[in-house]
1. When the chain is modelled as a GNM with alpha-carbon springs shorter than 10 Å, which of Ser219, Ser191, Ser54 fluctuates the most?
2. Sticking with the crude label model, points 7 Å out along Cα→Cβ, report the distance from Glu188 to Asp142 in nm, one decimal please.
3. Find out how many positive minus negative residues lie around Glu102, taking Lys and Arg as positive, Asp and Glu as negative, among other residues whose Cβ is under 9 Å from that of Glu102.
4. Can you show me the helix-derived [θ] at 222 nm for the chain, built from DSSP H runs with n ≥ 4 at -39,500 (n - 2.57) apiece and divided by the number of residues, rounded to the nearest 500.
5. Please tell me which of these pairs span more than 30 angstrom C-alpha to C-alpha: Lys70/Lys91; Lys70/Lys90; Lys21/Lys42; Lys70/Lys154?
6. Taking a cut-off of 32 Å, what percent of all Cα-Cα pairs in the chain are separated by more than that?
7. Which of the chymotrypsin sites (Phe, Trp or Tyr not before Pro) found in segment 115-162 are in a DSSP loop and have at most 11 neighbouring Cβ atoms, other than their own, within 10 Å?
8. Under a Cβ-Cβ cut-off of 12 Å, what is the net charge of the residues other than Met66 that fall near it, where Lys and Arg count +1 and Asp and Glu count -1?
Amino acid sequence: MSLYALGDLHLFSEDENFMDKYGRVWVRHKEKILKNCSKIVKDEDTIVFTGDNSFAKKINRCFDDMDFIKSLPGRKILIRGNHDRYWESKKTDRLNDTFKGELNFLQNNFYTYEDYALVGTKGFTFEGPFYLDRFGNIIDIDRDALDHSKVLIKREEERLRCSFDKAVEAGYNKFIMFLHYPPTNILETESIFTQIAKEYGVSHVVYSHSHGKPRFHDSIIGEYEGVNYHLVSGDYLNFKPEKIL
Ligand SMILES: [Fe+2]
Ligand SMILES: [Fe+2]
């Protein structure tokens, strides 16, 4: 039995080839997801999809994409990404009811894997705009965007703590933490999300959202202050699920 993660499936059944324009790695990416998951993930395994699962804008238009995810092997858990517009923040329970026994939506709740609690939320991190000098050095940032990001980060912190609280209440003390956004941005070495990971003694933090070679190392990858950080963006892994445990 194993725990896997893969982010940013970027499914959109209404226009199957819409990601092709973003580079070779995205061409027929859905076929790669199916091929790799079928080869690697067994029915007894758990796989967490860390957001940007589908570009469907409404819940009643996400069924084809969810059918595809359902068809993959293993127990499936989903995190909400910035593009998952079918997943309104207050409608997680509705999604869990609609796909009961087939897909599990992680927000303000938790799931388990062996004696670990799987906790998580979308997360957020300030991504700019940054203002650069002619040498490419950051000389200023957009203050309004920074203020707005603080509101979003606070809300995501509350959702993450809700997930941890429920797991602790249920008696769990070992945690794997999932985010969609990277835990830190290019200016940070720590954030509320890295602090929470340390506070709860989280062993692995798994995130995605970063796309393209220049962005893959925007945040932490590997062991940092006792926590193992994994970037699992689909294009970073060429759509091969990463084994976490
Ligand atoms: Fe994405
Ligand atoms: Fe994203």
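Rule-based calculations on the coordinates, nothing more; no lab input. None of these values were measured; they are calculated from a predicted model. No Cβ is skipped: glycine too gets one built from the backbone with ideal geometry, and neighbour counts run over all protein chains shown.
1. Judging by the Gaussian network model, the answer is Ser191.
2. In this crude label model, Glu188 to Asp142 measures out at 1.8 nm.
3. On the way: positive: Lys70, Lys76, Lys100; negative: none.
Here the count lands on +3.
4. On the way: 5 runs with 63 residues, N = 245.
The helix contribution divided over the chain gives -8000 deg cm²/dmol.
5. Numbers: Lys70/Lys91 19 Å; Lys70/Lys90 22 Å; Lys21/Lys42 32 Å; Lys70/Lys154 32 Å.
Over 30 Å apart, Cα to Cα: Lys21/Lys42; Lys70/Lys154.
6. 17
7. Values: sites: Tyr116, Phe124, Phe126, Phe130, Tyr131, Phe135; in loops: Phe124, Phe126, Phe135.
Filter output for segment 115-162: Phe135.
8. Details: positive: Arg61, Lys70, Lys76; negative: Asp64, Asp65, Asp67, Asp84, Glu102.
Taking every Cβ under 12 Å from that of Met66, the sum is -2.
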